There are 2 protein chains.
Amino acid sequence: MANLPSINIGIIGCADIARKVSRAINLAPNAHLAAVASRTLEKASAFAKANDFPADAKVFGSYEALLDDPEIDAVYIPLPTSLHLKWASLAALKKKHILLEKPVGLNVGEFDKILEACDANGVQLMDGTMWMHNPRTQQMKDFLSDEHRFGQLRTAHSCFTFAADADFLKNDIRVKPDLDGLGSLGDQGWYCIRSILWAADYELPDTVVALPGPVLNEAGVIISCGASLHWDDGKVATFHCSFLAHLAMDITAIGTTGSLHLNDFIIPFQEKEASFTTNSKAGFNELVTGWVPQPSLHTVYTELPQEACMVREFVRLVGNIKANGAKPDQEWPARSRKTQLLIDAVKTSIDSGFTPVKVTG
Amino acid sequence: MANLPSINIGIIGCADIARKVSRAINLAPNAHLAAVASRTLEKASAFAKANDFPADAKVFGSYEALLDDPEIDAVYIPLPTSLHLKWASLAALKKKHILLEKPVGLNVGEFDKILEACDANGVQLMDGTMWMHNPRTQQMKDFLSDEHRFGQLRTAHSCFTFAADADFLKNDIRVKPDLDGLGSLGDQGWYCIRSILWAADYELPDTVVALPGPVLNEAGVIISCGASLHWDDGKVATFHCSFLAHLAMDITAIGTTGSLHLNDFIIPFQEKEASFTTNSKAGFNELVTGWVPQPSLHTVYTELPQEACMVREFVRLVGNIKANGAKPDQEWPARSRKTQLLIDAVKTSIDSGFTPVKVTG
């Protein structure tokens, strides 16, 4: 790691989320916040000033200009989903490694074109799912992978909800069919589906069926929905996502010999520590009036916030390519693709009246 | 309360769960553990001896004999579900008030016949759903009813799973079509459905649809299944129950302005204290790296275990009838009926290939 080069990262677009990622780039070792581009130079300059960009950072009045700068190694793309295909493909063509916000495309067909461009140009692609990089996530994964403590996954449930205000429900890009047209499913459902795939070791389910009763806005964008996922070996999972309910972000994963719970999987309650509870081989006391054993609380401390851990992982991969001629990692893009594939399946099920949709990789 | 009479309770059948309820009757004020009946006198005597029955308790070698004893005010019926119609109806005819194990019948038609017998004979019926009587439950209900802290329910999820051993899966009455033929749905699903109804203020959903992928044993009994419940106002709920996954018993209830979580709703982790977490009007800090406010943990202490609280409530109602000529309470039977009705709907949906089932009260 110490020998890897510093990676110059440019930000394409001044979305709200780019503020947090700018800070993360500043915090992450080997990452250099090198540039920001917006559709106007004024906006880019204001963003750089407001977000502690280093003095040598460049500002651009167009995305193309940033992509043409030979000093930029990699870009972070927080643009609306409808622009991902165009700008991620162009970034790849310009040999820029890509950290891409979720959902990665409007559908898996779009994402496959982005992946083709990345493959053709030897660039790394990783999506911006920050919680994957929290050290808690690895500790939870260790538990889920433990034959003794957890066994085989049998069922999982995930939810991500927040109560959007009137302004969000009217104006946010996530309620606009021409911007983030997948709405709550693409935004919140992405996390739920990813968490289920993560718990299932990225084994795709065989069937997905949307639950009845999704809520769509006047423009036809999903603002609340859910689905159940089914594996032929009997595993089942459900999720619910909504812009219309109080903030919640839960994972419950239940295996043959253990269980895992947490209620803040996407954004930990606190930045520098994160917890989860587990139990293994639990039963009841003799009169069935209490549990034996009691569940265990695990708390994981992290000096670097999870979004900076994400940047650290991204620049590690990019640095290996740049310095050592390594091949781009294929695991992160494969995880993105599976997540998008299942979003598509849920959407198809909703559009076809909640019929089961066979998942084909 | 102090003026209410002591109620003589007889137990019909020596099921495992009757051990816990015997102790609860001994613990509850105004309840007297007066008798036990089994199909043989030996079994009844052994049960009485093993479960701290008072010296004056009677033992009977037949259920009829206990029901014919004029000193018995009320009976607890932990018999297999397939015997509920016969014995609860006869108990009512003999003017015994009834504490009835769940599920209350094989279907709501059976339960309606039991209710008719209770009505005709002026006896109280209450089901044995113990967690309803934990003082924690009332505190949680206060939260869910709070317009400010919780708002309107939008979504709920519940699960009850435990990993049954090979002996259970082969021999327990809950896997036998002629005994507790509703299997996991009748046993575990009962709690899940009740918790969802409880969170929804007992408002019946408009539609129920079973999730694909239930597991049935060779005899056709459900040992794992799930369903989603839908209200026309947009509320949705899901549940999962299974004999094939590690012990878990969760409720997540998410309203417009608050959320509630607990992972031990049926049997608290500890007998004398029980917790839950809530959050209200939560959002994120400025950079979206933590929650504001943090969730709150609430712990409720109870000297009397929840099953003794259940007996206390039952004998309070019976005492009021006996001493004051009160009418039997109608709320508890109505809750039992709604729970059974939804179990029937899930079963119908499974049997019809996971089609949505309209719920008609």
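The values are calculated or read from the model by the stated rules, or taken from the named source; none is laboratory data. Just so it is clear, the model here is predicted, and its values are computed rather than measured. Here the Cβ positions follow ideal geometry from the backbone for every residue, glycine too, while neighbour counts run over all protein chains shown. Calculation scope for accessible area: heavy atoms of the full protein, side chains included, ligands and nucleic acids excluded. Shrake-Rupley method; radii C 1.70, N 1.55, O 1.52, S 1.80 Å.
Restricting the stretch A:299-361 to GluC sites (Glu not before Pro) that sit in a DSSP loop and have at most 14 other Cβ atoms within 10 Å of their own Cβ leaves A:Glu303. Descending by average beta-carbon neighbour count within 10 Å, the peptides B:254-266, B:39-51, B:271-283 line up as B:254-266, B:271-283, B:39-51, the highest first. The residue among B:Pro103, B:Asn263, B:Ala345 whose Cα reaches farthest toward the positive pole of the charge dipole of chain B, with charges on the beta-carbon of Lys, Arg, Asp and Glu, is B:Pro103.
Normalised per residue, the accessible area of chain A is 37 Å², obtained with a 1.4 Å probe and no contribution from ligands, DNA or RNA. Rounded to the nearest angstrom and listed largest first, the equivalent-ellipsoid semi-axes of the protein assembly as shown from its Cα gyration tensor are 56, 23, 22.
How about the stretch B:299-361: which trypsin sites (Lys or Arg not before Pro) there are in a DSSP loop, with at most 15 other Cβ atoms within 10 Å of their Cβ?
none
Calculated on the alpha-carbon coordinates, the convex hull of the stretch B:7-129 measures out at 89 cubic angstrom per residue. Coupling constants for the stretch B:113-127 follow from the phi torsions by the Karplus curve (6.51 cos²θ - 1.76 cosθ + 1.60, θ = phi - 60°), and in residue order they are 5, 5, 4, 4, 5, 5, 4, 5, 10, x, 9, 7, 10, 9, 8 Hz; glycine and proline get x. Rounded to the nearest 100, the interface formed by chains A and B buries 4500 square angstrom of accessible surface, both chains summed, with a 1.4 Å probe. Each peptide among B:84-90, A:138-144 gets the average number of other Cβ atoms lying within 10 Å of its residues, and from highest to lowest they stand as B:84-90, A:138-144. Put simply, the amide H of A:Ile11, placed in the peptide plane, has neighbours under 5 Å in A:Ala35, A:Val36, A:Ala37, A:Tyr76, leaving out anything fewer than 5 places away on its chain. Projected onto its three principal axes, the C-alpha set of the stretch B:113-191 covers 49, 41, 23 Å, listed from the longest axis down.
With a 1.4 Å probe and all protein chains left in place, how much of the accessible area of the protein assembly as shown comes from carbon and sulfur atoms, in whole percent?
Here carbon and sulfur together make up 52 percent of the probe-accessible area.
Take every Cα-Cα pair in the stretch B:194-315 and report what % of them are more than 22 Å apart. Cα-Cα pairs in the stretch B:194-315 separated by more than 22 Å: 54 percent. Across the copies of the chain, B:Gly61 has label points (7 Å from Cα along Cα→Cβ) spaced 10.4 nm apart, shortest distance listed first. Mean silhouette area of chain B, derived from the convex hull of its C-alpha atoms and averaged over all directions, reads 19.2 nm².
Taking 0.36 nm per residue of sequence separation and removing the Cα-Cα distance, the A:Ala323/A:Asn3 pair yields an extension gain of 114.3 nm.
Mean sequence separation of contacting Cα pairs (under 8 Å, at least six apart), scaled by the length of chain A, corresponds to a relative contact order of 20 percent. Neighbouring Cβ atoms from other chains, within 10 Å of the Cβ of residues in A:279-291, number 6 on average. Counted over the stretch B:16-65 with a bin width of 10 Å, the fraction of Cα pairs per bin, in whole percents, is 29, 57, 14.
Based on the Kirkwood approach, the hydrodynamic radius assigned to the stretch A:151-200 is 12.3 Å, with every pair of different Cα atoms included.
Taking Cα atoms only, the orientation of helix B:190-199 departs from the longest principal axis of chain B by about 60 degrees. In the stretch A:213-245, the residues whose accessible area drops by at least 30 square angstrom when the other protein chains are added to the isolated chain are A:His230, A:Val236, A:Thr238, A:His240, A:Leu244, A:Ala245; the probe is 1.4 Å and only protein heavy atoms count.
Rounded to the nearest whole Hz, the Karplus-based 3J(HN,Hα) values (6.51 cos²θ - 1.76 cosθ + 1.60, θ = phi - 60°) of the stretch B:232-248 follow the sequence 5, 7, x, 5, 9, 9, 10, 8, 9, 9, 6, 8, 10, 9, 3, 3, 7, with x at glycine and proline. When the other protein chains are added to the chain by itself, burial of at least 40 square angstrom of heavy-atom accessible area (probe 1.4 Å, ligands and nucleic acids ignored) affects these residues of the stretch B:147-191: B:Arg154, B:His157. Computed from the C-beta positions of B:Lys43 and B:Gln138 and an R0 of 30 Å, the FRET efficiency is 0.20 to the nearest 0.05.
Taking all pairs of distinct Cα atoms, average 1/r, flip it, and tell me the Kirkwood hydrodynamic radius of the stretch B:136-255 in Å to one decimal place.
15.1 Å
If the chain linking B:Ser145 and B:Ala219 were pulled fully straight, counting 0.36 nm for each residue of separation and taking away their Cα-Cα distance, it would gain 22.3 nm. The mean number of Cβ atoms from other chains found within 10 Å of a Cβ in peptide B:6-14 is 0, as a whole number.
For the set A:Lys86/A:Lys170; B:Lys43/B:Lys86; A:Lys281/B:Lys170; A:Lys94/A:Lys322, the pairs lying more than 23 angstrom apart at their alpha carbons are A:Lys86/A:Lys170.
Each residue of the stretch B:166-175 was assigned a 3J(HN,Hα) from its phi angle through the Karplus expression (A = 6.51, B = -1.76, C = 1.60, θ = phi - 60°), giving 4, 5, 4, 5, 9, 10, 5, 4, 7, 10 Hz with x at Gly and Pro.
Computed from the alpha carbon positions, the gyration tensor of the stretch A:166-234 leads to an equivalent ellipsoid with semi-axes of 27, 13, 8 Å, biggest first. In this rough spin-label picture, where each label sits 7 Å from Cα along the Cβ direction, the A:Asp167-A:Thr355 distance is 4.3 nm.
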